[in-house]
1. Just give me the residues in the range 382-423 being among the β-branched types (Val, Ile, Thr) and surrounded by fewer than 24 Cβ atoms within 10 Å (Cβ to Cβ), in sequence order.
2. Quick check on Ile206: is it over 28 Å from the mean Cα position of the chain (by Cα) and modelled with pLDDT of 90 or more?
3. Applying the selection to the range 60-87, what residues are under 30 Å from Glu371 (Cβ atoms), more than 21 Å from the chain's Cα centre (by Cα) and open to solvent by 10 Å² or more (accessible area, probe 1.4 Å)?
4. Considering only the range 609-656, how many residues are open to solvent by less than 30 Å² (accessible area, probe 1.4 Å), of a type in the set (A, V, I, L, M) and under 20 Å from Asp712 (Cβ atoms)?
5. Restricting to the range 1-15, and then to whatever is in a loop (DSSP other than H, G, I, E, B) and open to solvent by 60 Å² or more (accessible area, probe 1.4 Å), can you tell me which residue is modelled with the highest pLDDT?
6. Please enumerate the residues belonging to the range 291-301 that are surrounded by fewer than 24 Cβ atoms within 10 Å (Cβ to Cβ) and either of a type outside the set (A, V, I, L, M, F, W, C) or in a loop (DSSP other than H, G, I, E, B) (or both).
7. Would you confirm whether or not the range 710-722 contains a residue that is farther than 30 Å from Phe577 by Cα and crowded, with 19+ Cβ neighbours inside 10 Å?
8. Take the range 17-59 and flag every residue that is in a helix (DSSP H, G or I), within 18 Å of Tyr132 (Cβ to Cβ) and either open to solvent by 10 Å² or more (accessible area, probe 1.4 Å) or at pLDDT below 95 (or both).
Amino acid sequence: MKTGLIPLLLLLPGLLLQAADAPLEKISLSGLNQPVEILRDKWGISHIYARNEHDLFFAQGYNVARDRLFQLELWRRQATGTMAEIAGAQELKRDIGNRLFLYRGDMKRELAWYHPHGASIIEAFVAGINAYIAETRDHPSLLTPEFKMLGIQPGDWTSAVVISRFNGLAGNLDEELATALAVRELGAGKVKDLRYFQPANPDLTIDPAIDSSLLTRDILDLYTAFRTPFHFSSGEVSPLADAREPAWNRADIGSNNWVVGPKLTASGYPLLMNDPHRSQQAPSLRYWVHLVAPGWNVIGGGEPSLPGVSIGHNEFGAWGLTIFGTDSEDLYVYDTNPENTLQYKYQGGWESMKVIRESIPVKGEHPREVELKYTRHGPVVYEDKSHHKAYAVRAAWLQTGSAPYLASLRMDQSHSWEEFRDACSYSRMPAENMIWADRDGNIGYQAVGIAPQRPNWSGLVPVPGDGRYEWDGYLAPQALPHVFNPEKGFYNTSNEYQIPRGWPYGEALHYTWADPFRAESVAEFLGSGRQFTVADMAELQNDNLSIPARRIVPLLRGLKLTQAATLAQARLAHWNFMLDQDSVEAGIYEMFQRRLLVNMRELIVPKSAQEMIGASMSRIIGWLYAPDGRFGGDPIAGRDAVLAKSFEEGVAELHKRFGNDMEKWTLGAYHRATIVHPISSALKPAERSRFDVGDLPRGGDGYTIDATGGSDNQTAGGSLKMIADTADWDQSIAQNNPGQSGDVNDPHYRDLYELWARGRYFPILFSRPRIESVTEKDIRLSPGGTGQ
């Protein structure tokens, strides 16, 4: 079989039939300088051909607004702190948080950071979005149902919306506070025993100047609201409530990427794979686009609110990303002046907070007047006036050039590894593992991110803001870990510990990293010595091997179990440890694993701290294999008792849900994927199925490569996946769940869901002839006029 034909086998039958003459749509637009052509293919990807840079990004903005206007409106409102205007007073904290964390620096320097033409590119993109918004004012029928249901109109965009920070996956301040609370309850030694810190043995001492009894979760309410995905709520609770509040768990949210060099591929050219894991949502968080103009020819995915492409390829190379572990923020605690609450103690004297007064519109109520307060370190998120304390967040991502993903504009035009690595030095947020592969046969890895240097503390617990704990600048971008053409022939990342032995700045990156299981699975596959094809990479991206299962199941042998549990345990005797959706063994194991995690938490973590801290699966497996006094006076018997109890509880739950017929106990019977729309919980149950997407079974869990989470409904994981073939870009393939469009009435709203759910792909065609063969609509934009 020819390698070039293999990707076609991954598609649903009949999807590559040659298109007939595509319908032509002509639109006249004020703001364009020259004509632009948009070829929309059968999977909803727009291939935009422009004659100049301005028109290219104007057309990108205009096009994405046609597809995702309601999503863009929610994005604009979150970025500007105007959500309460349409959702009521319950969104005030979100609005205050977003206003607190606005970028308030020099906008000219900010826009120039991301690209030499950053200002003109972003302004053109914004103008394109606003051009379509203007059309909807003249033709309200263009608005999608959400606008009509909520009785709202879209607002105009500005460059400030594009460079907002709320989508930055900023980091670990919530973990920092939780760690401090756990240290208060358990002591630093017990916390280090429970959590797996890398580098090892960080200092978790809470400075005596901080009264830890005053620390509460409420301190981060504004910060949490700023970072949390928005969904409309109502008095009625949806049966999919767990999907509305995604668990921001690194095991579920983490991403995978890997790059394979020419010696390990059948074609002799590198392959690059990426599937960034975020919340599953309708419409998709990601959006595919192809941008062609002089100096530009790039295709890939990114967040629809941003110009350019974040993950993709151009004519020369391909790139992808996963989250890398830097700690870019700290919580500072201040003593405030009892005589003047706007003053805080710093270096023995009183300093005054900066105050910005704003009015926030609230639906159905008078506007709320608020004061946004700032110390020298950053926004004040909480004040405890009765104890004369204030708490502020110091965030490196408020520095110039820290808008998420926008530095990808430089990557989009990279011709070589050297140019790509230079572009990476401008990428500050999120902190990422960037990989590269090019047609010259090179592969590489570069960590990126803005990483503060802390000379006298770990950054893992709050510190006093009195001047004794100050950052000493940032690590140089290219000092972060990097690899070029590794000897083993591949490189992979899955959010696991990525710091090489002997790296001189290890103490700058104290962090809780993801469990290594996904990375181990990828490396095991790629280290087999085979020569790989695109089809092999698709198999690996959807792989559901459970390394935890492979290590835990042998411990079940010989346990004294109930008769029903013994029969279930016998099913695991010759299991291949694959969490396939149709597997009874996978269904038995996964329900057992859920109970094991709960029971181990209850055994290991004192009740007073169970909401603050848990133990990683890596830690749990270590304890199971080397039981000690935490299991009681007879550690082996105590461990076996926990395993038996957990297994019997899992089997009892399967009996309760599915009856006595074990053949109905498949993993897919209870592990499924319904993708939830932001307005879903505000709809009547009968209407939800129109906006929510699907209910297909899913394999895997949070520890498998195809990270699907550990709850009944998959709320996170890889919605976008890419396999880039440098040998022939037209053989590259992708996913984007559930579809390209945000309009529930558009066929492209949910047409990619089944492909995704079944591990199938669509082609990401790059050459004009191949694109024309699958063009669904030909859209011609011309200068002049006011739209349709």
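1. Once the filter is applied, which keeps residues that are among the β-branched types (Val, Ile, Thr) and surrounded by fewer than 24 Cβ atoms within 10 Å (Cβ to Cβ), the range 382-423 yields only Thr400.
2. Details: over 28 Å from the mean Cα position of the chain (by Cα): yes; modelled with pLDDT of 90 or more: yes.
In short, yes.
3. Thr80, Thr82, Glu85, Ile86, Ala87
4. Matching residues across the range 609-656 total 3.
5. From the range 1-15, those in a loop (DSSP other than H, G, I, E, B) are 1-2, 11-15; that's our starting set.
Subsequent filtering for residues that are open to solvent by 60 Å² or more (accessible area, probe 1.4 Å) retains 1-2, 13.
Working: Met1: 27, Lys2: 32, Pro13: 35.
Taking the candidates together, the pick is Pro13.
6. Hits for the range 291-301 are Pro294, Gly295, Asn297.
7. First, the residues of the range 710-722 that are farther than 30 Å from Phe577 by Cα: none.
No: zero hits.
8. Here is the first cut: in the range 17-59, the ones in a helix (DSSP H, G or I) are 53-59.
Filter once more, keeping what is within 18 Å of Tyr132 (Cβ to Cβ): 54-59.
Passing the criteria: only His54.
The values are calculated or read from the model by the stated rules, or taken from the named source; none is laboratory data. Nothing here was measured: the structure is a model prediction, and the numbers come from that model. Neighbour counts run over all protein chains shown; Cβ positions are idealised from the backbone, glycine included. Surface areas here come from the heavy atoms of the whole protein model, side chains and all, with no ligands, DNA or RNA. Shrake-Rupley method; radii C 1.70, N 1.55, O 1.52, S 1.80 Å.
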